[in-house]
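Working notes, structure below.
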Amino acid sequence: MKFENSYLFAKQMDQNDSLSHFRNRFHIPVRPNGDSFIYFCGNSLGCQPRSVRRFLETELSDWEKLGVEGHFLARNPWMPYHEFLTTSTAQLVGALPEEVVVMNSLTTNLHLLMVSFYRPVKTRFKIVIESDAFPSDAYAVESQLKFHGYSPEEGLIKISPREGETLIREEDISALIKKEGKSIALILLGGVNYYTGQLFDIKKITALAHQKDIMVGWDLAHAAGNVILKLHEWEVDFAAWCSYKYLNSGPGAVAGCFIHQKHVNNPEIPRFAGWWGHDKSTRFKMEHGFQPIPTAEGWQLSNAPVFSMAALRASMEIFDEAGMEALTEKSKLLTGYLEFLLKSLPDSIPLEIITPANPEERGCQLSLRTFENGKKIHEALTDSGIICDWREPDVIRVAPVPLYNTFWEVWKFVQILKTVATDFQENE
Ligand SMILES: *Cc1c(COP(=O)(O)O)cnc(C)c1O
């Protein structure tokens, strides 16, 4: 695609965009002056689908009218409520229905999955994460190590970019696996790194690790709903993600998790159990003696948080309609256009895109390293009606999402960025 830096070109792209009507399915946050924000923060908290209210009202009114009977008699019975999400969730991450379940929150799921899949022994107990892993993931693995009697100093390997570089090289991950594989029990990486926006080759890294009998888990917080995933085919052991980012299900929304088919029906795998993971046909006999459901549902602890799941259903309905193939196709154009426009900024504006330039190695987010006045530029952007975010020490993350962002917004954003950044340069 040959991009052009003009208002008319951006508008033309929007006119030719077969997904443009999806924007109307969302509430875009509004500025005090009544205009919509240019909302590039769907990687942090997605916009609210307009249908969320209807989905929630259905459950509120059934609760109002039916009380406890709603577990069976609600229009969408609450007892099996999580099952309404299975098909779309499986489709979203490239899984079999038996491999996915929606439950809890992301960090909770990471812990539960590590209980099952981080099984350290004397000679093999180390965990590999990214050196700039999301803090919650780092806390989770450190506490898992300690729980098993290892210190993070002896048990945690943080894979980092080379000196003077920002991205982790896949060849370095591969070299680490070859060299230290025998001592590594678990590799847990972010599918898309939250900071740099780097998308790892999940299939390749998983396969390399398996050659050394290492368990591989993926945190897909920034990948689910952003990039194409084929977790079953790639033989990923387990994965977890939240659904308030690209999945637009609201603050603190219920999370997702994936456990590969080869593990779901293995009763030898230890787990922390709860009644909702118990065989459905005998659950309400209220007997003791845990018999896990032989699918990912067997990892559930508690009955379904129906309101949170109702919001997620509203959002997944939109993903089902749009389809990840079409969404990623638009996403590549939208982010490609953003990249093109950023590259055409004058050299006097000191900004560096640290996200990989290869569209196959990123999702929709571009991370911009600022060299001077970064925080002030970010504040000025916000004042000008743009919502993107600031990540210490020096990065502005910008995520145009294909469901509700437009080419015009991308163009306008870069115009404003140029004005704002030039002002700071001139006032030095
Ligand atoms: C957003 C995010 C989290 C947040 O964890 P919660 O348990 O949902 O609060 C954790 N890890 C990564 C990589 C994230 O991007």
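Would you please report the Å³ per residue occupied by the convex hull of the alpha carbon atoms in the chain?
152
Indicate, rounded to the nearest 5 percent, the antiparallel portion of the DSSP beta bridges found entirely in the chain.
Of those bridges, close to 55 percent are antiparallel.
Using only the Cα atoms of the range 33-112, what semi-axes does the equivalent ellipsoid have when each is the square root of 5 times a gyration tensor eigenvalue? Give whole Å, largest first.
Working through the eigenvalues yields semi-axes of 27, 23, 12 Å.
Under unit Cβ charges (Lys, Arg +1; Asp, Glu -1), what dipole magnitude, rounded to 20 debye, does the range 163-282 have relative to its Cα centre?
With Lys and Arg at +1 and Asp and Glu at -1, about 260 debye.
Treating only the Cβ atoms of Lys and Arg (+1) and Asp and Glu (-1) as charged, compute the dipole magnitude of the chain about its Cα centre; round to the nearest 20 debye.
Computed charge dipole of the chain: roughly 620 debye.
Roughly how many Å is it from the Cα centre of the range 1-66 to that of the range 277-329, as a whole number?
When both Cα centres are located, 26 Å separates them.
Calculate for the chain the 222 nm mean residue ellipticity that helices alone would give, adding -39,500 (n - 2.57) per DSSP H run of length 4 or more and normalising by residue count, nearest 500 deg cm²/dmol.
Only helices count here, giving -11000 deg cm²/dmol.
When the gyration tensor of the range 201-269 is built from Cα positions, what are the square roots of 5 times its three eigenvalues, in whole Å, from largest to smallest?
Equivalent ellipsoid semi-axes, largest first: 24, 15, 9 Å.
Counting only complete DSSP H runs, which helices of the chain cover 30 Å or more along their long axis at the Cα atoms and score a mean Kyte-Doolittle of -0.5 or above?
Result, helices passing both filters: zero.
Across every pair of different alpha-carbon atoms, what Kirkwood hydrodynamic radius in Å does the range 93-170 reach?
14.3
Using only the Cα atoms of the range 307-358, what do you get for the radius of gyration and for Dmax, in Å?
16.9, 50
When you count, for each residue, the other Cβ atoms within 10 Å and take the mean per peptide, how do 11-18, 80-87 rank with the highest first?
80-87, 11-18
Output needed: percent of Cα pairs per 5 Å distance bin for the range 239-376, bins running from 0 to the one holding the longest distance.
Using 5 Å bins, I get a P(r) of 2, 8, 12, 12, 13, 13, 11, 9, 7, 5, 4, 3, 1, 0, 0 for the range 239-376.
Once you keep just the Cα pairs under 8 angstrom separated by 6 or more residues, what percentage relative contact order results for the chain?
It rounds to 23 percent for the chain.
Please report, in Å, the Rg and the Dmax of the range 348-428, where both are computed over Cα atoms only.
Gyration radius and largest Cα-Cα distance of the range 348-428: 12.6, 39 Å.
In straight Cα distance, which aspartates and glutamates are under 15 Å from residue 182, not counting same-chain residues fewer than 8 positions off?
Filter leaves 154, 213.
Given a Förster distance of 25 angstrom, what is the FRET efficiency for residue 303 paired with residue 157, based on the Cβ-Cβ distance and rounded to 0.05?
Given R0 = 25 Å and the Cβ-Cβ separation, E is 0.05.
How far apart, in nanometres, would the label points at residue 180 and residue 415 be if each is projected 7 angstrom from Cα along the Cα-to-Cβ direction?
Result for the modelled spin labels: 5.0 nm.
No lab work stands behind these numbers, since they all come straight from the coordinates. What you see is a predicted model, and the numbers here were worked out from it, not measured in a lab. Cβ coordinates were reconstructed from backbone atoms using ideal geometry, including for glycine residues, and neighbour counts include every protein chain displayed.
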